[in-house]
Amino acid sequence: MTLRSLAQELTEPHLKSIGGRIGKVPSLLSELRAAVAGSSDTGTGGTTSKARILVDASALDLLNQIDSEVRSVFSDRYGESAPTLEACIELIGKGEHPDNWDQWFTGMFDGIKSRIETYLRPKKMRRLDGIDCPSCGQATYGDDRLTALYVDCWADHENLRPHQDWTVICKACETHWTGTNEIKWILVALTAKNV
């Protein structure tokens, strides 16, 4: 993608293919701000007089990190104080830059886009219930006894990738394995469990 198109995705509503159809979606920064705002749902009864406003602290942290990074590079590039986050991105996206700056901004905006999309639409992962991690030996972790092992195996929401492209992650000890040679143990464990 070009710097200009990345800036537009971050700051303006744009067209996107969703489930085989093209539709207009809000800017990524708008979606992130909506995630920060959380929910004002009063519950099923709706009897409370004040709606609770929840703030998603992780979304707020991500928004603040992005704001700080973009404003800092804007000031470095233009030598002036930065306006709003969106204005910085739009000015950078529409501006003319030497090749090294253009490539650097393109990489930065692509990284910001990826971070926002990963946060808003986390990757679907399969839980591996009842299988012990070969690194830490745990099948569950924490007070809530959450599943420790997950496998990133989906190409999309319906189709699996070939097993040599899978990544297995232990959330208890944060170890991960990729490729056929590293994940042979999980293939054996899944076969033994007839999963």
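Computed quantities for the displayed model
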| item | result |
| --- | --- |
| Relative contact order %, the chain, counting alpha carbon pairs below 8 Å whose residues are six or more apart | 14 percent |
| Estimated Rh, the range 99-152: Kirkwood, alpha-carbon pairs, angstrom | 14.0 Å |
| Cut-off under 5 Å, modelled amide H: who pairs with residue 154 long-range | 161 |
| Accessible-area order (highest first, 1.4 angstrom probe) of the listed residues 171, 113 | 171, 113 |
| 96, 69, reordered so the largest accessible area comes first (probe 1.4 Å) | 96, 69 |
| FRET efficiency, 1/(1 + (r/R0)^6) with R0 30 Å, evaluated for residue 163 and residue 99 via beta carbons | 0.15 |
| Summed residue charge, Cβ within 14 Å of residue 62's Cβ, Lys/Arg positive, Asp/Glu negative | -2 |
| Backbone HN-Hα couplings from phi across the range 120-131 [Karplus 6.51/-1.76/1.60, Hz, Gly and Pro as x] | 6, 10, x, 5, 6, 10, 8, 6, 10, 5, x, 10 |
| Rh by Kirkwood over Cα pairs, then Stokes-Einstein D for the range 123-187 at 0.692 mPa s and 37 °C, µm²/s | 274 µm²/s |
| Mean residue ellipticity (222 nm) of the chain, computed from DSSP H runs ≥ 4 via -39,500 (n - 2.57), nearest 500 | -14500 deg cm²/dmol |
| Listed residues 104, 154, 166 arranged by accessible area, highest first, probe 1.4 Å | 104, 154, 166 |
| Where Cα atoms sit under 22 Å apart: lysine pairs in the chain separated by 8 or more or lying on different chains | 17 |
| Cα-only Debye scattering, the chain: base-10 log of I(q)/I(0) at q = 0.13, 0.17, 0.18, 0.19 Å⁻¹ | -0.95, -1.12, -1.15, -1.19 |
| FRET efficiency, 1/(1 + (r/R0)^6) with R0 35 Å, evaluated for residue 191 and residue 16 via beta carbons | 0.35 |
| Å² per residue, accessible surface of the chain at 1.4 Å | 63 Å² |
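The values are calculated or read from the model by the stated rules, or taken from the named source; none is laboratory data. Only a predicted model underlies this, so the values are computations on that prediction, with no experimental measurement involved. As a convention, Cβ positions derive from the backbone with ideal geometry for all residues, glycine included, and neighbour counts pool all protein chains shown. Ligands, DNA and RNA are excluded from the accessible area calculation, which covers all protein heavy atoms including side chains. Shrake-Rupley method; radii C 1.70, N 1.55, O 1.52, S 1.80 Å.
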